[in-house]
1. Would you confirm whether or not segment 10-32 contains a residue that is in contact with a strand residue (DSSP E or B) (Cβ under 9 Å, 6 or more places away or on another chain), part of a helix (DSSP H, G or I) and not assigned by TED's automatic domain parsing to the domain that holds residue 192?
2. Is there a residue in segment 151-159 that is in contact with a strand residue (DSSP E or B) (Cβ under 6 Å, 6 or more places away or on another chain) and either in contact (Cβ under 8 Å) with a residue 40 or more places away in the chain or under 16 Å from residue 76 (Cα atoms) (or both)?
3. Report yes if residue 245 is modelled with pLDDT of 95 or more, within 18 Å of residue 292 (Cβ to Cβ) and more than 22 Å from the chain's Cα centre (by Cα), otherwise no.
4. For residue 306, are the conditions met, namely being buried (at least 22 other Cβ atoms within 10 Å of the Cβ) and either touching a helix residue (DSSP H, G or I) at 6+ places or on another chain (Cβ under 7 Å) or assigned by TED's automatic domain parsing to the domain that holds residue 168 (or both)?
5. Taking segment 201-212 on its own, how many of its residues are surrounded by 18 or more Cβ atoms within 10 Å (Cβ to Cβ) and within 16 Å of ligand 2 (Cβ to nearest atom)?
6. From the list 43, 38, exactly one residue is assigned to a helix (DSSP H, G or I) and free of Cβ contacts under 8 Å to residues at least 60 places away in the same chain. Which is it?
7. Identify, please: which residue in segment 130-150 is within 14 Å of ligand 2 (Cβ to nearest atom) and touching a strand residue (DSSP E or B) at 6+ places or on another chain (Cβ under 6 Å) and is, among those, nearest to residue 67 (Cα to Cα)?
8. Quickly run through segment 256-289 and pick out the residues that are crowded, with 18+ Cβ neighbours inside 10 Å, more than 19 Å from the chain's Cα centre (by Cα) and more than 25 Å from residue 209 (Cβ to Cβ).
Ligand code: ASN
Ligand code: ZN
């Protein structure tokens, strides 16, 4: 792999060799051959093949096109396993079906995306200088989560619901990293820290990226969805780790509150459990931040009881990002 040294992946024998079809989860990883993202269909691209079943050369910007495919194939499997083992979800649509994963999409395309129409994920080769292939674990988890959101709450991709859609992808993308328990990437509250170093977004104080909102305001829905997501990401951090300064897995954070309150966290696993239930049971396509507060409090009540420590922490964290 590019990012993690040697990893074990699930492949399928073809008779004459092996191909990157995951026989356990059904994912197929293919080479898009630098086709642009807007042209990619499920049938596009070329399957990877190998006679040895040893893939890639472990380098970033590798001339061996299978190298990015190793990360993509492994990290799609980690994401699938996270949803299955933590949330009891069988694949993106909860129907057990795997997705198609394209690497080498576009030319120096420094991005990745999910598409419902091809039930596929697309990853670019980075920017040719500082950012390598966009196949790191939190990025893959983020993109697959767009498929999960679309199959559940279907949060509309504009305004506050769009920010919640993006935040949901950042939250579960990060939780997949924690699930992999530092085997692939450090469990952290930084997003795309491997493929867009030092990070593309962060949860403790989202405004450090120069664009994202830390606190809800009546104009937050006018921001790009990747920036209005800051309110949700900040809430997730505060509910998980609490306010103030803290070092977790060697990374230092300092999370302010918008109302000068002090918040005590309940750990990201409980918050993610609550958020998954909120997303899949209570949120709808038009849920806004106020609705997300209500949805997550309903979920916390179901899982831990009204007035529980968990319920109160969820409420306190929303108030701390000005969602009342
Ligand atoms: N990587 C971006 C995302 O998942 C692509 C986009 O802007 N749709 O949000
Ligand atoms: Zn996204």
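The values are calculated or read from the model by the stated rules, or taken from the named source; none is laboratory data. What you see is a predicted model, and the numbers here were worked out from it, not measured in a lab. We place every Cβ from the backbone using ideal geometry, glycine too, and count neighbours over all the protein chains shown.
1. Filtering segment 10-32 down to residues in contact with a strand residue (DSSP E or B) (Cβ under 9 Å, 6 or more places away or on another chain) leaves 10-14, 16-23, 27-32.
Filter once more, keeping what is part of a helix (DSSP H, G or I): none.
Checked against the condition, which is being in contact with a strand residue (DSSP E or B) (Cβ under 9 Å, 6 or more places away or on another chain), part of a helix (DSSP H, G or I) and not assigned by TED's automatic domain parsing to the domain that holds residue 192, segment 10-32 yields no hits at all.
2. Filtering segment 151-159 down to residues in contact with a strand residue (DSSP E or B) (Cβ under 6 Å, 6 or more places away or on another chain) leaves none.
Checked segment 151-159: no residue is in contact with a strand residue (DSSP E or B) (Cβ under 6 Å, 6 or more places away or on another chain) and either in contact (Cβ under 8 Å) with a residue 40 or more places away in the chain or under 16 Å from residue 76 (Cα atoms) (or both).
3. On the way: modelled with pLDDT of 95 or more: yes; within 18 Å of residue 292 (Cβ to Cβ): no; more than 22 Å from the chain's Cα centre (by Cα): yes.
Judged against the criteria, residue 245 is not a match.
4. Details: buried (at least 22 other Cβ atoms within 10 Å of the Cβ): no; either touching a helix residue (DSSP H, G or I) at 6+ places or on another chain (Cβ under 7 Å) or assigned by TED's automatic domain parsing to the domain that holds residue 168 (or both): yes.
Considered against the rule, which asks whether it is buried (at least 22 other Cβ atoms within 10 Å of the Cβ) and either touching a helix residue (DSSP H, G or I) at 6+ places or on another chain (Cβ under 7 Å) or assigned by TED's automatic domain parsing to the domain that holds residue 168 (or both), residue 306 comes out as no.
5. Residues in segment 201-212 being surrounded by 18 or more Cβ atoms within 10 Å (Cβ to Cβ) and within 16 Å of ligand 2 (Cβ to nearest atom): 5 in total.
6. Details: 43 fails: assigned to a helix (DSSP H, G or I).
Answer to the check: 38.
7. 134
8. Selection gives 266, 282.
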